[in-house]
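Q: My questions will all concern the structure given below.
The values are calculated or read from the model by the stated rules, or taken from the named source; none is laboratory data. Note that the coordinates shown come from a computational prediction; the quantities given were computed from them, not determined experimentally. Backbone-built Cβ (ideal geometry, glycine too); neighbour counts: all protein chains shown. With ligands, DNA and RNA removed, areas are computed over all heavy atoms of the protein, side chains included. Shrake-Rupley method; radii C 1.70, N 1.55, O 1.52, S 1.80 Å.
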Amino acid sequence: MATTLRPRPAALNLTPSAHARIADLMSKAPADAIGVKLSTPRRGCSGLAYSVDYVTEAKPFDERIDTPGGTLFVDGGSILYLIGSTMNWVEDDFTAGFVFNNPNAKGSCGCGESFTV
C-alpha cells in the first residue's frame with residue numbers, strides 16, 4: 001500500500017508585491033547573501049517585532065520559502081508566531097515597508113511596530 005502525500009502548505013503567504021520586493025533586495029544583496037530572513041526578535045512596546053535581514057547561511061530549523069526573486073528564510077524560533085500570516089510590501093507617499101497580517105497576534109502597540117501573541 002503506497003502512501004499518498006499532499007503538498008505541505010506554506011507557513012507564510014507572500015503577496016506579489018512582497019515577492020517583487022524580495023527580488024529587489026536580492027538584486028542589491030551582498031555577494032555572500034543566500035537570501036533574506038524574517039525573524040521576530042523581542043523588542044518594542046508589545047514584546048515582538050518583525051525583522052527582515054540578509055542571511056549568509058541557513059540554520060537547521062529555519063523554514064525555507066523559495067520565491068521567484070530569491071529565498072526567504074523564516075527563523076525557526078519565530079515560525080510558530082507567524083504560521084498563517086500574510087507578508088505584503090506596501091509603499092505610499094510617506095512610508096515603505098513590509099506589512100504583516102498575522103492571525104496569531106493578540107495585540108499590537110499603537111505605532112504598529114510590535115505585537116504580542
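Q: With the condition kept exactly as written, say whether any residue in the stretch 90-107 is at pLDDT below 85, under 15 Å from Ala11 (Cβ atoms) and surrounded by fewer than 17 Cβ atoms within 10 Å (Cβ to Cβ).
A: Yes: one or more hits.
Q: Quick one: which strands (runs of 3 or more DSSP E) lie wholly within the stretch 13-98 and hold at least 3 residues that are without any contact (Cβ under 8 Å) to a residue 40 or more places away in the chain and of a type outside the set (Val, Ile, Thr)?
A: Once the strands (runs of 3 or more DSSP E) in the stretch 13-98 are filtered for at least 3 residues that are without any contact (Cβ under 8 Å) to a residue 40 or more places away in the chain and of a type outside the set (Val, Ile, Thr), what remains is 35-39, 51-55.
Q: A further question follows. Out of all the residues in the stretch 53-69, which are within 16 Å of His19 (Cβ to Cβ) and open to solvent by less than 50 Å² (accessible area, probe 1.4 Å)?
A: Ile65, Thr67, Gly69
Q: What about Leu72, is it crowded, with 17+ Cβ neighbours inside 10 Å and either among the charged types (D, E, K, R) or within 14 Å of the chain's Cα centre (by Cα) (or both)?
A: Yes; evaluated as a whole, the condition is true for this residue.
Q: Same structure, new question: Which residue is nearest to Ile34 (Cα to Cα), if the candidates are limited to the stretch 80-94 and must be within 9 Å of the chain's Cα centre (by Cα) and hydrophobic (A, V, I, L, M, F, W, C)?
A: The extreme case among them is Met87.
Q: Does the stretch 1-9 contain at least one residue that is under 14 Å from the mean Cα position of the chain (by Cα), open to solvent by less than 100 Å² (accessible area, probe 1.4 Å) and either among the aliphatic types (A, V, I, L, M) or closer than 21 Å to Gly77 by Cβ (or both)? Before you say what the answer is, go through the steps one by one.
A: Pass one, the stretch 1-9, residues under 14 Å from the mean Cα position of the chain (by Cα): none.
No, because not a single residue in the stretch 1-9 is under 14 Å from the mean Cα position of the chain (by Cα), open to solvent by less than 100 Å² (accessible area, probe 1.4 Å) and either among the aliphatic types (A, V, I, L, M) or closer than 21 Å to Gly77 by Cβ (or both).
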